[in-house]
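The values are calculated or read from the model by the stated rules, or taken from the named source; none is laboratory data. Because the structure is a prediction, the values reported are computed rather than measured. Every residue, glycine as well, gets a Cβ built from its backbone with ideal geometry; the counts of neighbours run over all protein chains shown.
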Amino acid sequence: MGLGRMLRRGALTLGALAAFGFAFSALRATPALAQQGQPIRIGAVLSVTGPASFLGDPEDKTLRLYVNRINQAGGINGRPIQLIVYDDGGDANRARTFATRLVEDDRVVAMVGGTTTGTTMAMRPVFEDARIPFISLAGGIEIIDPVSPFTFKTPHTDRMACEKIFADIRARGLSRVALISGTDGFGQSMRAQCQRVAQAAGITIVADEQYGPRDSDMTPQLTRIRNTQGVEAVVNPGFGQGPAIVTRGYAQLGIRLPLYQSHGVASAQFIELATAAAAEGVRLPAAALLVAEQLPQNDPQRQVLIDYKTAFEREFNQPVSTFGGHAYDGLMILADAIRRANSTDGTRLRDAIRATRGFVGTGGVVNMSATDHMGLDLSAFRMVEIRGGRFVLIGN
Amino acid sequence: MRLSPRWQFPFRARWATLLILAAVIGTIPWFFPSGFYFRVAALVWVTALAAVGLQVLMGQAGQVSLGHAGFVGIGAYAMALGPKYLGLDVLLCLPLGAIVAAAVAFVVGRPILRLKGHYLAVATLGFGMLVTMVLVSEVGITGGPDGIRVPRAELFGWRIRGGETFYWIAGVALLVGVWIALNLQDSPSGRALAALHDSEVAARTVGIDVAAHKLRAFVIAAVYGAVAGGLLALMNGFVTPDAAGFLASIEYVTMVVIGGLASVPGAVVGAALLVLLPQTLTFLHEYEQAVLGVLIMLFMIFLRAGIVPGLAALLRRKAA
Amino acid sequence: MNAIQPRGEVLLRAEGIGISFGGLRALDGVGFAARAGEVLAIIGPNGAGKTTLFNIVSGLYRASEGRIALDGQDVTEAPPHRLAARGLSRTFQNLQVFFRMTALENVMAGRHLQERSGLFADLFRLPAARRANATTREAAMALLAEVGLADKAEQPAGSLPYGALKRLEIARALATDPRVLMLDEPAAGCNPVETEEIDRLIAQVAARGVAVVLIEHDMKLVMRISRHVLVLNQGRMLAEGTPEEVRGNPEVIAAYLGTHGAKEASRATARGAHHA
Amino acid sequence: MLAELLQFLVSGLTVGAVYALVALGFTLIYNASDVVNFAQGEFVMLGGMVTVFAVAAGIALPLAAALAILVAVAVGLLLHRLAIEPARGASAVTLIIITIGASIFLRGVAQIVFDKRFHQLPAFSGSDPILLAGAAILPQSFWVLGGALLVFLGLFVFLEKTLLGKAVLATAANRLAARLVGVDTSFVLALSFGLSAAIGAFAGILITPITLTSFDVGTLLALKGFAAAMLGGMGSPLGAVVGGLLLGVLESFAAGTISSAYKDAVAFIVILAVLFAMPQGLFGRRSVERV
């Protein structure tokens, strides 16, 4: 055991760790500049890949599209926006790291993002500690209830979706409901909310089935529901391809009960995946984006929705989803607040966002306050039914 | 199959490794331009701690585990559930999580470790999936897929928070973890593990209780994982079932193999690589995944025994 | 060999051992007794069941019939590591060396049973673990010296030549301080000089009062060092006795000449005769 | 009741047939190299995605399917040539990590070349369910089951009746011996990569009309296929088939009768129970430790 060997080992370990150090210094690539007319840095941590990419991808596309548009139109108060997007792959731990990076390293003035409730909740303390406004794009009610000073969200909550669906079921004179939920965050969170509000809405939940977000066949669960006595309607909290497979299985088994999907499938793509035949008659609560053209001419949202829809579909050649719409709303609320505050100071920006009144977005008309960091009410949700392969607005 | 020699740590080289690691942990903060770097580095140390545990099981004892993240998850959720349901101080939950993980490993390990190779891999995979499934499905208790909050720790009235504090906590934890793993490697128990790794038959005939020693390694790995998971939860103030997921388990295995299965510091280097790569590759945007995949393949093709032993062999050849 | 030398006590006794593999009767009614200070050789043509017998006696396989007693106590069902703790140790025909370790570490691993330090001490490098390391290293070095591998101590086992590995396995087996040592073809593949060394080593070990059981094809070695010889053929005992008795047994000669082992046997007999 | 059980059975067999095809892909490569190819699921993804995009580009379905299989085979051969062959002689675990890298790489490329959305294919012969003893069965299920059967039979004939197939079997039984009798084991390995890719892609094409597809469908299928291969006994083609079908049926019955939230858990517990009783799986080679 010579000294030479020991030194070699030492040198080797040192070398490996030096490489590690280099990797660190490579991280410093983003220079922190502070000049006149400097861009306004806005951060976004989105689940562009991974299990929630179905949501994160259109959010990413929308943010990039509209930041470009704002910049081409001269920016905000004469300053361009610099958008910094990180992909967390749906992982909360990674999201947390990127959030820290946005705050500490990129020094963003605000954040629009957080695709899932899980990533949002993991990132929230970072922005709260740094006193930087954080507009989340996730549905979970716990994001804003109770209110945290710097955290906002644009989508409707899953509790609202449950209430909307249950109200529609009651209006049909039905009350006994079967749930079939995805085991992803979206599905589980909405399932819990539905169970919570069921009683108040006069609904009894008589069956509670689940499926994995990647499962390829839900007929066993649906068979079970079919064989459960007294089921009058079926509700499917979930997003991604799962609800499409549930809808297909529903048709395959010839179940005749009303089927409700959630706002998690609010995209024309759902009909394509589930096939128009199987999806016929399926109802879901959704933002008005899906039925923009069917809105009356005097609806305040109509023009905003048609503009967003046209812009997105022309740019990316794929159908819009309400998820991209959430990102649009978040970005626009923020831009509006920066304009009004004429400042990028965290607290003043927060106050400006809180003061948002009558903002017309894709999700509805937003009225924020110190106690309501979402600013939407149930009227922002429209009940739509799929008829002949199209979403049709049904009277509320 | 080609065998790479066991990475031995005679007395002085062992201390050299620890010294270098301590020096790195102690000095790199001087070069950090912002608080974010403390966060990433702390993440590297914590992840490395979990990887070192897996190195004990896979590298030293030669037993594959595709469920290591399951123990990380147990440790992490102990930090959230202990305070919430048992009213315990969150810091007390760190050892508690380790004890629970050790107990689970002890019970589960007994039957599972009778399996070998790929069969063991699939059994541990099943264990990891079971843990994730419970975390995901028991929404009422665990918060489900959206995760659960972890209270902030207080020590004598001082709130433990901030990237810098966690950097030092994680760094010291890793140093202790590496010290223990190196101790083990150069001890009677470590030799027993290395022996059963090479030839179970021969190990048994020299009196090594193979089943008992495998179980010990499994429990040790579980404790490492749980402590790392606990620290991670404390750092994040939040846990989701991803921490226990299959992909996380695969990542730990990749770290240990890419750094060098036979080497304790290899696990640290592997963890550093896999935590830092996604951070350095963000400029590639959508090409990030593809490049990450190519890099993993290249590392394994050109440094088959892993980075640390592979570079050691290169240096040796240069020197000769 | 001195025929009137008093015989040692029986340390290992196997009786009526039988085992089948997929309907094939590999061993049937085989038994032997190994005595302290004596070398018992088990010979027979390839496929006679010698290694299977070793595997059963050392606890790797479970016999379907028969009993094994070690030191007068029944150990028929005991796993290998328990047998090792009771003083039975062995080597392998197809090397089972710890290839990733150095030669020294191989032998140190063999000292496992003599090490008295708990897992806790090992993890935190308490004095008990450090003491164990030091004493084990010392004992292992002595054993390496005994088999003539002291200069190879720090070499990875994987880089050692075949003959050295054979001796390394013997050193590792000796490291357990066995009372019964079972060697499966210790001289196979070794050159004459190495064979000589192994020969000397076995005699030395036996002289310490260890019961040595040996499988060997090298008849010269067998005739020279064994006190007692057991001949197996097709899973059955063909003959038993002193080397001289066995060599003269016509059945043994027939078995050897009639089967694959013919060449070896004739060569061995010729050599044996010459030697005698 | 009977209708219900039949429903579960058909549902399970359909999903199980896909697991079986993935497991078969694992088995082929494992036999030739001891490598568990974690990129196996990506072949399934390629089969589905290439077909979807080819059909969308106006290519007829049969042609699109053939194209998809060709693409997958090309990718499989490239994977072997560029990543496995250069690392020849490395330990099995090193090779496995290489395949994990390959799987990440293929997924990363797929999300750029294709997109990150879900896609569907129209069912080959309509989607009106066939009623059989009260169970509603999709015509596509018959395509999947028939296709799987075809693959099993084809593979059986190939392995048992052709010289090349025998070379593959010989390599599986003993690589060194096969090389000594003149089998080009490197060629056999390339062949098994190509064949695995083809089988995977074929499975992807058959199943897409039922399960939909996207760039990341491979991970879960690889995991399930791996479990199925282990249940059947690694290295045994028959085991892969039985293991796959069994896993599918287990999941389906667990979801339909025990608990849909824990159906995967039930399946895994059964696998563990089988392995404890038979540590080499159902049809694995039971080897006595030779020393």
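For the range B:151-167, what are the residues that are at the interface with chain A (Cβ under 10 Å from one of its Cβ atoms) and in a loop (DSSP other than H, G, I, E, B)?
Hits for the range B:151-167 are B:Arg152, B:Arg161, B:Gly162.
Considering the range C:106-125, the residues that are surrounded by fewer than 16 Cβ atoms within 10 Å (Cβ to Cβ) and more than 8 Å from chain B (Cβ to nearest Cβ) include one that is nearest to the chain's Cα centre (by Cα), namely C:Gln114. Among the numbered conditions (1) of a type outside the set (S, T, N, Q); (2) in contact with a strand residue (DSSP E or B) (Cβ under 8 Å, 6 or more places away or on another chain); (3) farther than 18 Å from D:Val50 by Cβ, the only one that D:Leu212 does not meet is (3). From the list C:Ala142, C:Ala128, C:Ala134, the one residue that fits, being at the interface with chain B (Cβ under 10 Å from one of its Cβ atoms), over 26 Å from C:Thr51 (Cα atoms) and in a helix (DSSP H, G or I), is C:Ala128. I'd like to check something: does the range D:237-250 contain any residue that is under 12 Å from the mean Cα position of the chain (by Cα) and among the β-branched types (Val, Ile, Thr)? Among the residues of the range D:237-250, at least one is under 12 Å from the mean Cα position of the chain (by Cα) and among the β-branched types (Val, Ile, Thr), which makes the answer yes.
Only a single item in (1) at the interface with another protein chain (Cβ under 7 Å from one of its Cβ atoms); (2) out of contact with any strand residue (DSSP E or B) (no Cβ under 8 Å at 6 or more places or on another chain) is not met by B:Leu175, and it is number (1). You will find that of D:Leu155, D:Leu164, D:Leu138, the residue that is surrounded by fewer than 22 Cβ atoms within 10 Å (Cβ to Cβ) and over 20 Å from D:Phe43 (Cβ atoms) is D:Leu164 and no other. Of all residues in the range C:93-105, those satisfying the criterion of being within 8 Å of chain B (Cβ to nearest Cβ) and either among the acidic types (Asp, Glu) or not in a loop (DSSP other than H, G, I, E, B) (or both) are C:Thr102, C:Glu105. Scanning the range C:175-233 for residues that are in contact (Cβ under 8 Å) with a residue 40 or more places away in the chain and either closer than 17 Å to C:Gly163 by Cα or in a strand (DSSP E or B) (or both) yields a count of 25. Against the list (1) more than 10 Å from every other protein chain (Cβ to nearest Cβ); (2) in a helix (DSSP H, G or I); (3) modelled with pLDDT under 95, the condition C:Gly158 fails is (1).
Could you run through the range C:142-172 and say how many residues are among the small types (Gly, Ala, Ser), touching a helix residue (DSSP H, G or I) at 6+ places or on another chain (Cβ under 7 Å) and closer than 21 Å to C:Gly87 by Cβ?
Here the count works out to 1.
When D:Gly48 is tested against the conditions (1) among the small types (Gly, Ala, Ser); (2) farther than 23 Å from D:Arg107 by Cα; (3) surrounded by 24 or more Cβ atoms within 10 Å (Cβ to Cβ), the lone failure is (2). Looking at A:Gly324, A:Gly264, A:Gly330, which one is assigned by TED's automatic domain parsing to the domain that holds A:Gly238 and not aliphatic (A, V, I, L, M)? Testing whether each residue is assigned by TED's automatic domain parsing to the domain that holds A:Gly238 and not aliphatic (A, V, I, L, M) leaves just A:Gly264.
Here is a yes/no grid of residues against (1) surrounded by 19 or more Cβ atoms within 10 Å (Cβ to Cβ); (2) modelled with pLDDT under 85:
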residue	(1), (2)
C:Ile170	yes, no
C:Leu183	yes, no
C:Val193	no, no
C:Ile215	yes, no
C:Val246	yes, no
C:Ala254	no, yes
C:Leu257	no, yes
C:Ala268	yes, yes
C:His274	no, yes
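Those helices (runs of 4 or more DSSP H) of the range A:299-396 in which at least 3 residues are of a type outside the set (Lys, Arg) and crowded, with 23+ Cβ neighbours inside 10 Å, considering only elements entirely within it, cover A:301-316, A:322-341. Just one of the numbered conditions (1) assigned to a loop (DSSP other than H, G, I, E, B); (2) within 14 Å of chain A (Cβ to nearest Cβ); (3) aromatic (Phe, Trp, Tyr) is not true of D:Phe253: (1). Does any residue of the range B:251-272 turn out to be within 11 Å of chain D (Cβ to nearest Cβ), touching a Lys or Arg at 6+ places or on another chain (Cβ under 8 Å) and not hydroxyl-bearing (Ser, Thr, Tyr)? Yes: the range B:251-272 contains one or more residues that are within 11 Å of chain D (Cβ to nearest Cβ), touching a Lys or Arg at 6+ places or on another chain (Cβ under 8 Å) and not hydroxyl-bearing (Ser, Thr, Tyr).
Within the range D:127-138, can one find any residue that is within 30 Å of D:Ala60 (Cβ to Cβ), at pLDDT below 95 and polar (S, T, N, Q)?
Yes, some residue in the range D:127-138 is within 30 Å of D:Ala60 (Cβ to Cβ), at pLDDT below 95 and polar (S, T, N, Q).
B:Leu182 passes every criterion in (1) of a type in the set (A, V, I, L, M, F, W, C); (2) within 13 Å of chain C (Cβ to nearest Cβ); (3) surrounded by 24 or more Cβ atoms within 10 Å (Cβ to Cβ) apart from (3).
Among the residues making up the range A:239-263, a single one is at positive phi and touching a residue at least 24 places away in the same chain (Cβ under 8 Å): A:Gly240.
Pick out the one residue from B:Ile301, B:Ile220 that is at the interface with another protein chain (Cβ under 8 Å from one of its Cβ atoms) and either farther than 29 Å from C:Ala109 by Cα or not in a helix (DSSP H, G or I) (or both). Answer to the selection: B:Ile301. Consider C:Leu88 carefully, then state whether it is modelled with pLDDT of 95 or more and crowded, with 21+ Cβ neighbours inside 10 Å. It is true that C:Leu88 is modelled with pLDDT of 95 or more and crowded, with 21+ Cβ neighbours inside 10 Å.
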